[in-house]
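Working notes, beginning with the structure itself.
The values are calculated or read from the model by the stated rules, or taken from the named source; none is laboratory data. All of these numbers come straight from a predicted model, not from anything done at the bench. Neighbour counts are summed over all protein chains in view; Cβ atoms, including those assigned to glycine, are modelled from backbone coordinates with ideal geometry. Note: areas computed on protein heavy atoms with side chains; ligands, DNA, RNA excluded. Shrake-Rupley method; radii C 1.70, N 1.55, O 1.52, S 1.80 Å.
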Amino acid sequence: MKKTISLLTAGALSISLLAGCGGKNANGQDGKVEIEFFHYKREGMETFDKLIEKFEKENPNIDVEQTSPPEATTVLRTRVSKSDIPDVMGIGGDITYKDLSETGVFTDVSKDKNLENIQQAYIQMLKDVSNEEKVYGIPYAANAVGVIYNKSIFKELNLEIPETWDDFIAVAKKVQDSGQIPFYHTYKDSWTILSAFNALAANTQGEDFYTQLNKGKILAGERYKEAAEKIVDLANYGHNNQQGVGYNDGNTAFANGEAAMYLQGIWAIPEIKKANQNIDLGVFPFPATNNPDETKLVSGVDLMLATSASSKHPEEAQKFIEFLLKEENAKQYIGEQNAFSALEGITQDDPTVAELKDSFEKGALADFPDHYIPNGVAPDKTLQTLVMDKDVDAFLDKVQKDWKKVQNRQ
C-alpha cells in the first residue's frame, strides 16, 4: 500500500561518515518488503504517487513509502547524521550530492549499465560538481531556467522574443510603459531569486570559473559582479511589494495575467497551469548578454536517483529505480512535470517549452552555478538583501567572504 509522508523541517546538522543500517528498512504490512523513497521534488508527489501505485501492482511483495518534506535537503542531511538513511533518494546534482557522496552514503553506480542510456552531459555534470570520476546516482530528469512569458500579452503589445540583454530590458520598458508589469518577482521566498541569478552567472562568470575553483581559487567576488548588477536592473521592472510575495502567490498571479514575464525554471509551469489551464505560455532562453550566439541555457540534473549503501533491501531499491527508468515511466514523469529527460531518446514535446529545444540540440547548456556553492554561503539570502538595498559591492563582498570561510573550514 502506498504511503506518502510529509515531514516537518528539521535543523541542519553536520554530515558524518556513517555505518549501519539504512532508514525505513523494516518489513511492511503482511510481511512485504518496505522501502523508503525520499526526494525533494514536492511538486512531483502526485506523479510519484501514480508511479508508485503502478510499481506496487507489478511488484506486490514491495511497499514503497514516499517521503518528501519541506526543506528536504536539510532534513536528509540531519537524517544522515543520525544514520537514518532512506533506501532510495532523489536529489539534485548539486552541493548536497557532492557532500553526501563524500561520506559514503550512496552506492557507487559507476559501472551500472543503466548509465549507458543516460545523456553523457548529465553524467559529466555529476562528475564536475563532485570533482571526481565516480558516479553515485543515475541522472533522471533535467530542468532549465528560462523566461516564462505570457504569449497573449506579447501579442497584445507586439513584442518580439529578445535575444540580447539590451533587447530584454527594452521589452521590459515597453511593458512598463503600457501600464502593465514586466516581471512578477517573488522575493519573499529567497530561493526564487536564484533562477535569474543562475542564468546570469552561468553566462558571465567566465569559462574557467570552476577550473579555478577546483584549484582552490574563489572568484565569486569579482566574477559575479555582472550578474549582480543585472539582478538589480531586473528588480526595477517588478511590481509593488516584491519582497512580500512568495512563490505560490507568484504562480497564481502570473497565471492570472498580472505580468508579462516570470523569471523561473520550467518547474513552475505545472503550478501556473493548475491556477489557469487556459493561459498561453512560452519559455525562451534567458538573454543574459549581448552575444546571442554564445548564450547558454542553464540546465542541470534536477533529479538523480541514488540508493543507500547501507540499505537492507538493495535489490528492491534497485528494482524501483529501474522501474522509474523505463521509457513509459520516464515519459510520464517529464510529461506531467514539464521537465526534460536525462535518458537518451526521450524528448519533451510540450509546445510550451519548444523554444528551448534548439539550445538542447546545439548542446548550448550550462550547469546551475549555485550547484557549486557550498552550504554556509547562502547566496539566496544574500541575493534577497541585494534586491532590497541594491548594494552590489556589499553582495560581492559577503559572498566572497562567506565562501572563503567555508573553504577554510574544510
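For this structure, a couple of remarks:
- ³J(HN,Hα) computed for each position of the range 342-352 - Karplus, 6.51 cos²θ - 1.76 cosθ + 1.60, integer Hz, glycine/proline x: 7, 7, 4, x, 9, 10, 9, 9, 5, x, 4
- Diffusion coefficient, µm² s⁻¹, Stokes-Einstein with Kirkwood Rh over alpha-carbon pairs of the range 144-272 at 10 °C and 1.306 mPa s: 102 µm²/s
- A cut-off of 5 Å between modelled amide H atoms, ignoring neighbours fewer than 5 places along the same chain, links T67 with I5, F37, F38, H39.
- Separation in nanometres of the label points that stand 7 Å from Cα toward Cβ, at K113 and D350: 3.3 nm
- Just the protein heavy atoms count here, and of the accessible area of the chain at 1.4 Å, carbon and sulfur take up 44 percent.
- The range 206-348 - charge dipole about Cα centre, Lys and Arg +1 at Cβ, Asp and Glu -1, debye rounded to 20: 320 debye
- Amide H contacts of N338: none lie under 5 Å away among residues 5 or more positions distant or on a separate chain (H built 1.01 Å from N in the peptide plane; Pro and chain starts excluded).
- Only Lys, Arg (+1) and Asp, Glu (-1) charged, at Cβ; the range 97-188 dipole about Cα centre in debye: 320 debye
- Each Lys and Arg Cβ is given +1 and each Asp and Glu Cβ -1; about its Cα centre, the range 336-380 then shows a dipole of about 140 debye.
- Distant-in-sequence amide H partners of D280 (H built 1.01 Å from N, under 5 Å): K151, S152
- GluC sites (Glu not before Pro) restricted to DSSP loop in the range 149-255 with at most 11 other C-beta within 10 Å: E160, E207
- P(r) histogram, all alpha-carbon pairs of the range 256-410 included - 5 Å bins from 0, percent: 1, 7, 12, 14, 15, 16, 15, 11, 7, 3, 0
- Zero-based 10 Å bins, Cα pair distances in the range 104-150, whole percents: 23, 49, 16, 9, 2
- Theoretical ellipticity at 222 nm over the chain - DSSP helices of four or more residues, -39500 (n - 2.57) apiece, nearest 500: -12500 deg cm²/dmol
- Across K111/K357; K215/K296; K173/K225; K32/K273, pairs whose alpha-carbon gap is larger than 27 Å: K111/K357; K32/K273
- Ranked by how many other beta carbons lie within 10 Å on average, peptides 133-140, 108-115, 89-96 from highest: 89-96, 133-140, 108-115
- Distant alpha-carbon pairs in the chain (separation over 32 angstrom), percent: 35 percent
- What the range 304-403 shows is 43 Å² of accessible area per residue, with the surface traced by a 1.4 Å probe over protein heavy atoms.
- Full extension of the chain segment joining N240 with E132 gains 34.3 nm, where the gain is 0.36 nm per residue of separation less the Cα-Cα distance.
- Heavy-atom accessible area per residue - the range 72-126, 1.4 Å, Å²: 35 Å²
- Solvent accessible area, Å² - I148, 1.4 Å probe, full protein context: 0 Å²
- Here E207 and K50 are evaluated by their C-beta separation; at R0 = 51 Å the FRET efficiency comes out at 0.75.
- Restraint check, K127/K362; K57/K113; K41/K405; K57/K134, Cα-Cα greater than 27 Å: K41/K405; K57/K134
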